[in-house]
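The values are calculated or read from the model by the stated rules, or taken from the named source; none is laboratory data. Predicted model, so just to flag it, every value in this text is computed and none were measured. Every residue, glycine among them, receives a Cβ derived from its backbone with ideal geometry; neighbour counts consider all protein chains shown. Heavy atoms of the whole protein, side chains included, go into the accessibility calculation; ligands, DNA and RNA do not. Shrake-Rupley method; radii C 1.70, N 1.55, O 1.52, S 1.80 Å.
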Amino acid sequence: QPGVHQKIAQTVAYMKQHLERALQLDALAAMARLSRSRYAELFKQQTGYAPIDYFIRLRMHRACQLLDTTGMSVKTIASSLGYDDPLYFSRIFRAVNERSPVAYRELRKG
């Protein structure tokens, strides 16, 4: 199906530009002009992840970059990525990276 790769790529680009926003699957599907279920199916085929899982991984990748390259607090990083609750952010970070943000930073700086 021509254009599907491009549609998915467009939504990935949108995700990367809006890491601080709460993204809804319906909005992403609408952007790609696909049904929610079809979008989720095609997205997973192309990336190996469900759209929201992928978005979380993009956010956590950005969090790692910020931990590596800035002195920003975990709370500030969480907030910059759209997480109002730093503890919730830390839980998600740990689930993706297998260590807390503080432990991640210490390991990298060590």
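Annotations
- Shape analysis of region 61-110 places it in the oblate category; the axes a ≥ b ≥ c from the Cα gyration tensor give an a/c of at least 1.5, with a/b not above b/c.
- Summed over the residues of the chain and divided among them, the accessible surface reaches 62 Å² per residue at a probe radius of 1.4 Å.
- Relative pair counts by distance (%), Cα atoms of region 23-65, 10 Å bins: 31, 50, 18, 2
- Under the criterion of Cα pairs below 8 Å and six or more residues apart, the relative contact order for region 1-68 equals 31 percent.
- Accessible surface of the chain [probe 1.4 Å, protein heavy atoms]: carbon and sulfur percent: 50
- The distance from the alpha carbon centre of region 70-88 to that of region 1-46 is 25 Å, rounded to a whole number.
- Across the protein chains, with a 1.4 Å probe defining accessible surface, the residues Lys7, Lys44 rank Lys44, Lys7 from largest area downward.
- For a label point 7 Å along the Cα-to-beta-carbon line of Ala103, residues of region 27-68 with backbone N under 20 Å: 57, 60-68
- For Glu41 and Ser79, the difference between the fully extended length at 0.36 nm per residue and the C-alpha to C-alpha distance is 10.6 nm.
- Peptides ranked, highest mean first, by Cβ atoms within 10 Å: ranges 49-59, 20-30: 49-59, 20-30
- With each label modelled as a point 7 angstrom along the Cα→C-beta vector, the Asp26-Tyr88 pair spans 1.9 nm.
- Taking Cα centre as origin and charging only the Cβ of basic (Lys, Arg, +1) and acidic (Asp, Glu, -1) residues, the dipole magnitude of region 1-49 rounds to 80 debye.
- Against the compact-protein benchmark of 2.2 N^0.38 Å, the Cα-based radius of gyration of the chain scales to 1.17.
- For the chain, a crude dipole built from +1 on the beta carbon of Lys and Arg and -1 on the beta carbon of Asp and Glu, taken about the Cα centre, is about 140 debye to the nearest 20.
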